[in-house]
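This report refers to the structure that appears directly beneath it.
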Amino acid sequence: MSINHSSGNYRNTNQLSLDKKGDDLESGWGDREPLPRKQSIIIMAGVMLAIFLASLDQTIVATAIPKIVASLGGFDHFSWITTSYLVASTAIIPIVGKLSDIYGRRTFFLFGIAVFLTGSILSGLSANMSQLIAFRAIQGVGGGTLMACAFIAVGDLYSPAERGKYMGFLAGIFALSSIIGPVTGGALTDSFTWRWAFFINIPLTIPIGLIFFFLFPKHKGVAESKEIDYIGIILLLIAVVPAMLGLSWGGSEHGWDSIRVLSSLGLAAIASVLFIINELRAPNPIMPLNLYSNPIMAVGLIITLLLGVTMFTGSVFMPLFFQGALGKSATDSGLLSTTMMLGTVFGATLFGQLLSRFGGHYRILGLIGIIIMAIGLSLLTQIGTDVSLGFVIASMVIMSFGMGTTFPCFNIAIQNAVHYKDIGLATSSAQFIRSIGASAGLALLGSLLTTRFASKFMLNLPESAFNEIPASLLADMKTNPNILMDNSKIGSLEAQINPLITNKSNLIDTILSVMQESLAESIADIFVIALVITVIAAIVTFWLKEIPLQKRAGKEVELRSK
């Protein structure tokens, strides 16, 4: 019996087999000739440039932030330069996924490029921090649109059997931007001005726009209904934006029990309930909930969420380990972290190729990737102040290689599980879930790091040193290890200690040593949590059903149970 749902025909994978005749479902592409190879290559190059542009912008701007603060002021709001972009880009992803199913991908590629370019120009012209934060949100809408459309476009242009290698290329491009971005941002900022961190997008964006305008297929959307769920869109935004803000504030700018954090998360929870009720009743919901009853998609999204929580553990906490616990410079830390990004690039590219060349066994390949990632994380749980750089680098590469392998595997599993008319929604759902997981993971793990450092510092500090440190200074040190990254603050530390103490220099050395040891132990604990989450993801993978990848773009082979 065939399994059909109004929002997407999905395949019941219990005792399924391919129909001998390979019955094709009408999906919008099945009756069209494949694009000429040269055209498809150029379009794919444009897609890769689009995702490179959107991801590169984040890393370029991160390097320019100190100069931006020096120019515009507003140090107390500088984190919002990144937060506003992240919130806007995450919120727009599922909306673009659904609307691009209705109106076609080309329209939204051009929309994303236009909005991203506008936001870049306005950001570069900002006269104060408030303007920059607002314009970065505009830029985030464009960047999120490009990111969503780029991964969806692979499903438009290539069959499931071919998508693996291209998904690997996109994941590799995303990681590559993390390597090139900081260097480029530093060079632009030092040689010209921080405004060129935004203006550089102008010459990069225009040729990408021309590629999509002239070469991308002008096919209309394949969604059965053109009706738009406006109430669903509004409720989704009300659910996502406060949730992202609450997670960003919690444990950093404000406590988790603060009114601002609790009210944000509470509003998000209420909006989420109303959103679910609306989606169950809407004739053409923005996120059809019965699509998620597809067992392959449901399990794939759970795995994506779990891996999203761990996604930034290496890129965020390892630089802190290098500079704070090992005393490396920012430049050395950047170079050491580059090896981790290279591991992600190679992992994504290699496993993308394996998916396409050897039958698309996404479950076993995804499980292998998660196991490799878990091995790297287990090694990173052993880091300390006396660890060798060779051990740390090897552990980072293993972990990042494993993480890179998971990107194409589970994206392909989700895309291959749904009808072509729902591929935009399915792909954007994976990106959306990954972003939510990454934001939540970064906030929760960051808060845990602060808590663990405070407790370990008090535990590791010798009683003799404890008695000689003023209470106010002690309270500051156990919550703020910034002195480890800025040697100029050591003088301030010395000034706050009683000058009558005869062994002041030894006391300072003891304090710094304890802070380094406590920071290293705390970061190792973060990797323990990441390892546990990764192991859970590996266990969940056993519930991911594997079905053959289709051979033609836009074609669906209906599976029938015996």
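Which count do you get for residues in region 242-270 that are part of a helix (DSSP H, G or I) and buried (at least 19 other Cβ atoms within 10 Å of the Cβ)? Before the answer, list the steps.
From region 242-270, those part of a helix (DSSP H, G or I) are 242-249, 259-270; that's our starting set.
Now restrict to residues that are buried (at least 19 other Cβ atoms within 10 Å of the Cβ): 242-249, 261, 264, 268.
The total comes to 11.
Among the residues making up region 165-206, those that are farther than 14 Å from Thr59 by Cβ and among the β-branched types (Val, Ile, Thr) are Thr193, Ile202, Thr205, Ile206. Determine whether Arg163 is of a type in the set (Lys, Arg) and either modelled with pLDDT of 85 or more or within 30 Å of Ala282 (Cα to Cα) (or both). It is false that Arg163 is of a type in the set (Lys, Arg) and either modelled with pLDDT of 85 or more or within 30 Å of Ala282 (Cα to Cα) (or both).
Could you check, for region 117-133, whether at least one of its residues is closer than 23 Å to Met44 by Cα, in contact (Cβ under 8 Å) with a residue 60 or more places away in the chain and not assigned by TED's automatic domain parsing to the domain that holds Phe275?
The answer is yes; a qualifying residue exists.
Taking the listed residues Gly142, Gly104, Gly112, Gly155, the one that is closer than 17 Å to Thr59 by Cα and not acidic (Asp, Glu) is Gly142, with no other qualifying. Checked against the criteria, Val273 does not count as surrounded by 21 or more Cβ atoms within 10 Å (Cβ to Cβ) and modelled with pLDDT of 85 or more.
Per the listing Ser337, Ser356, Ser400, the residue uniquely without any contact (Cβ under 8 Å) to a residue 60 or more places away in the chain and out of contact with any strand residue (DSSP E or B) (no Cβ under 8 Å at 6 or more places or on another chain) is Ser337. The residue that is modelled with the lowest pLDDT, counting only those in region 25-57 that are in a helix (DSSP H, G or I) and small (Gly, Ala, Ser), is Ser40. Kindly establish whether Ala475 is at pLDDT below 85 and either farther than 15 Å from Phe321 by Cα or out of contact with any Lys or Arg (no Cβ under 8 Å at 6 or more places or on another chain) (or both). Yes; evaluated as a whole, the condition is true for this residue. For region 135-146, does any single residue satisfy the condition of being more than 24 Å from Pro242 (Cβ to Cβ) and free of Cβ contacts under 8 Å to residues at least 40 places away in the same chain? No: region 135-146 contains no residue that is more than 24 Å from Pro242 (Cβ to Cβ) and free of Cβ contacts under 8 Å to residues at least 40 places away in the same chain.
The single condition among (1) at pLDDT 80 or above; (2) outside any helix (DSSP H, G or I); (3) of a type outside the set (Asp, Glu) that Ala530 does not satisfy is (2). The set of residues from region 165-199 being within 28 Å of Phe351 (Cα to Cα) and hydroxyl-bearing (Ser, Thr, Tyr) comprises Tyr166, Ser177, Ser178. The single condition among (1) modelled with pLDDT of 85 or more; (2) buried (at least 23 other Cβ atoms within 10 Å of the Cβ); (3) not acidic (Asp, Glu) that Arg452 does not meet is (2). Evaluation of Ser447 against the conditions (1) modelled with pLDDT of 80 or more; (2) farther than 26 Å from Phe151 by Cβ; (3) hydroxyl-bearing (Ser, Thr, Tyr) shows that the sole unmet condition is (1). Mind checking whether some residue in region 58-67 is at pLDDT 85 or above, surrounded by fewer than 22 Cβ atoms within 10 Å (Cβ to Cβ), among the hydroxyl-bearing types (Ser, Thr, Tyr) and more than 23 Å from Pro242 (Cα to Cα)? Looking through region 58-67, none of the residues is at pLDDT 85 or above, surrounded by fewer than 22 Cβ atoms within 10 Å (Cβ to Cβ), among the hydroxyl-bearing types (Ser, Thr, Tyr) and more than 23 Å from Pro242 (Cα to Cα).
The values are calculated or read from the model by the stated rules, or taken from the named source; none is laboratory data. Nothing here was measured: the structure is a model prediction, and the numbers come from that model. Note that we place each Cβ from the backbone using ideal geometry, even for glycine, and neighbour counts take in every protein chain shown.
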